[in-house]
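Engineer: Just dropping this structure here.
No lab work stands behind these numbers, since they all come straight from the coordinates. Note that the coordinates shown come from a computational prediction; the quantities given were computed from them, not determined experimentally. For neighbour counting, all protein chains shown are included, and Cβ atoms are generated from backbone atoms with ideal geometry for every residue, glycine included.
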Amino acid sequence: MAKHRDISLFLGLMGLYFLVRWAYIFGTTGILRWYLTDLLFVPSMCIFGLILVRRIKNDPDIRIPWYNVFLQVAAVSIYFEWYLPNQNTQYTSDPIDALMYFLGGIAFLFLQKKI
C-alpha cells in the first residue's frame, strides 16, 4: 500500500473537493463554500504533478522542492487573484484566497514528507 500512498492521497483530496462542490449545490455558506476549495487546490495540483513525474521517471523518491511549490502558489495567486479579475468581471479578487493557496502549499510540503 505504501507504493500507492500518493495516489490514495490524491484521490482523497479530490473526493473531499467534490464533496465540497456537492455541498455547494445545496447552499452551504462560509468557509466551506468559499475557502476550502482554494485550500485544496494547490496540494491537489502538486500531488498530481508529483504522481506524473514519479511515474514518468520511474523513481518513487522524487520530491518537489519547497521553492517550486511556492512558485506554483505565486503563479496560481497571480493568475486567479490578479490576472483573471482584471480581464473578466465574472472573477473577483480576494486576498484570503491567496492566503488559502499559500496554506495549501505549506500543507502539501508536510504531506509530501509522509508520502
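Engineer: Express the relative contact order of the chain as a whole percentage, based on alpha carbon pairs under 8 Å and six or more residues apart in sequence.
Structural biologist: 33
Engineer: Would you mind ranking 100, 45, 14 by Cβ crowding within 10 Å, fewest neighbours first?
Structural biologist: So the ranking, lowest neighbour count to highest, is 14, 45, 100.
Engineer: So if I restrict to the alpha-carbon atoms in the chain, what is the Rg, and what is Dmax, the biggest pairwise distance, in Å?
Structural biologist: Rg, Dmax (Cα atoms, Å): 15.2, 46.
Engineer: Could you please rank 48, 18, 102, placing first whichever residue has the fewest other Cβ atoms within 10 Å of its Cβ?
Structural biologist: With the sparsest Cβ surroundings first, the list reads 18, 48, 102.
Engineer: Also, I was wondering about something else. What does the net charge come to around residue 110 if you take all other residues with beta carbon closer than 15 Å to its beta carbon, with K and R at +1 and D and E at -1?
Structural biologist: +3
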